[in-house]
Amino acid sequence: MKLFKCQKCGETVYFENTFCGNCQSSLGFVAETLQLVSLTVEKNGALRPVDRSYKTTYRYCANHQHAVCNWLVPADSESVFCKACDLNRTIPALTQPEYAQRWATIESAKHRLAYALLRMKLPLNNKIKEPETGLAFDFVADELTDDNEKVLTGHDNGLITINIAEADDIEREMARKSMDEVYRTVLGHFRHEIGHYYWDRLVSTNPATLQKFRNLFGDEQQDYAEALNRHYSQGPVPDWSLRFISAYASAHPWEDWAESWAHYMHIVDTVETAFAFGINIETKISARFSSNIKTDPYEIKDFSKIISFWLPVTLAMNSLNRSMGLHDIYPFVLSNAAIEKLKFIHELVMARRK
């Protein structure tokens, strides 16, 4: 995520901020320009950016009233929701404070996801308006289902369901340990599930791309349910670390893709943050672990350059965490095979930007 500044006073402000902590100006995010802008309120209540290059006025997304969204909607828009919140099909019952707090956590992650997808210039359309190719989210609690079965987080033809229990730190940690995962976050879930969605959009409909996918990830036509059952009953293949980005990725080519997609988003977003902070890593151990990040990763065509930034960043992040007695932020080792899969994803994304 890049850094922003208040256009009124120059103070540094952040993606989720609704006002400047220095001058108290209201802030709102404009999806069309991917900018967090400072606002003035006109007599009719309309919001006008301080930056006069914006020729329109805005209002806050309807979910601003619930303190879960700071994105803006053009004043003349027919929709009351911003581009991110317009994708919601189901939200939890806000009459329950615990659910409202979990939803706030989920929305924070989803808005970061939406920002990255817009930066990648990928299609981000409402499934209600485009049933065949659109995207929608259901944020559901277990007891809201008719049959009282546990809600499973997953993707089905453009509909992504998130169990809101994932927004509870204790519940999520219990799930992480029970499933023997080294990493589990709300944002990570979004990035994984959106990967399934973009496999449908970017891979499955193009025969040449599909063949390249199969050459790298394997044949997705193998029985999916059987593959998952085998993974959970027998564990990952013994040499998974040589060929896959995570143990779960070895379960089936679709999961390999989704895990790789999630890691691709982890890498690009984190490197963008390092770029925004002007991070320069110089170690006395080896030049291999040094990096001066002077380029926005969203604009880099050569994936090997992004990886050359990423490896020193992860070494530094993990080492800093260990100094605090914490677990590694990025507890993964990227094999050459995994990097090739990430490169394939990067090239697909960059092809969409032309």
- Item | Gyration tensor verdict on region 219-354 (Cα atoms; rounded if a/c is under 1.5, prolate if a/b is larger than b/c, oblate otherwise) | oblate
- Task: Could you please report the charge total around residue 49, scoring K, R as +1 and D, E as -1 over all other residues with beta-carbon less than 14 angstrom from its beta-carbon?
- Result: +3
- Per-q log10 I(q)/I(0), the chain, q = 0.14 Å⁻¹ (Debye; single scatterer per alpha-carbon; no solvent): -1.35
- Message: Take the chain, mark every one of the chymotrypsin sites (Phe, Trp or Tyr not before Pro) that falls in a DSSP loop and has at most 12 other Cβ within 10 Å, then report the longest stretch left between them, sites excluded.
- Response: 15-276
- Message: Can you compute the charge dipole magnitude of the chain about its Cα centre, using +1 on each Lys and Arg Cβ and -1 on each Asp and Glu Cβ, nothing else charged? Give it in debye, rounded to the nearest 20.
- Response: 1740
- Quick one: work out the % antiparallel among DSSP beta bridges in the chain, nearest 5. 70
- If Lys and Arg each add +1 and Asp and Glu each add -1, what is the summed charge of the other residues whose beta carbon sits under 14 Å from the beta carbon of residue 210? 0
- For the chain, dividing by residue count, accessible area per residue (probe 1.4 Å) in Å² works out to 51
- Query: What FRET efficiency, computed as 1/(1 + (r/R0)^6) with R0 = 45 Å and r the Cβ-Cβ distance, is obtained for residue 53 and residue 233, rounded to the nearest 0.05?
  - Reply: 0.15
- Ignoring any ligand, DNA or RNA, what whole percent of the accessible area of the chain comes from carbon and sulfur when the probe is 1.4 angstrom? 52
- Query: Of 263, 274, 222, which is farthest along the charge dipole of region 189-295 in the positive direction, counting Lys and Arg as +1 and Asp and Glu as -1 at C-beta?
  - Reply: 274
- Run the 1.4 Å probe and let me know the accessible area of residue 3, rounded to the nearest 10 Å². 60
- Item | Those trypsin sites (Lys or Arg not before Pro) in region 4-93 that DSSP places in a loop and that have at most 11 other beta carbons within 10 Å | 43, 52, 55
- Listed pairs 127/305; 8/301; 121/343; 2/341; 110/150; 212/301 exceeding 29 Å between Cα atoms: 127/305; 8/301
- Query: Rounded if a/c is under 1.5, else prolate if a/b beats b/c, else oblate: with a ≥ b ≥ c from the C-alpha gyration tensor eigenvalues square-rooted, which is region 1-56?
  - Reply: oblate
- Cα-based shape type of region 185-250, given that a ≥ b ≥ c are square roots of the gyration tensor eigenvalues and the cut on a/c is 1.5: oblate
- Message: Give the residue list of GluC sites (Glu not before Pro) in region 230-339 that are DSSP loop and have at most 13 other beta-carbon atoms within 10 angstrom.
- Response: 282
- Net charge near residue 23, counting Lys/Arg +1 and Asp/Glu -1 over other residues with Cβ under 13 Å of its Cβ? +1
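The values are calculated or read from the model by the stated rules, or taken from the named source; none is laboratory data. Every value quoted in this text rests on a predicted model; they were computed, and no experiment measured them. Every residue, glycine among them, receives a Cβ derived from its backbone with ideal geometry; neighbour counts consider all protein chains shown. For accessibility, only protein heavy atoms count, side chains too; no ligands or nucleic acids. Shrake-Rupley method; radii C 1.70, N 1.55, O 1.52, S 1.80 Å.
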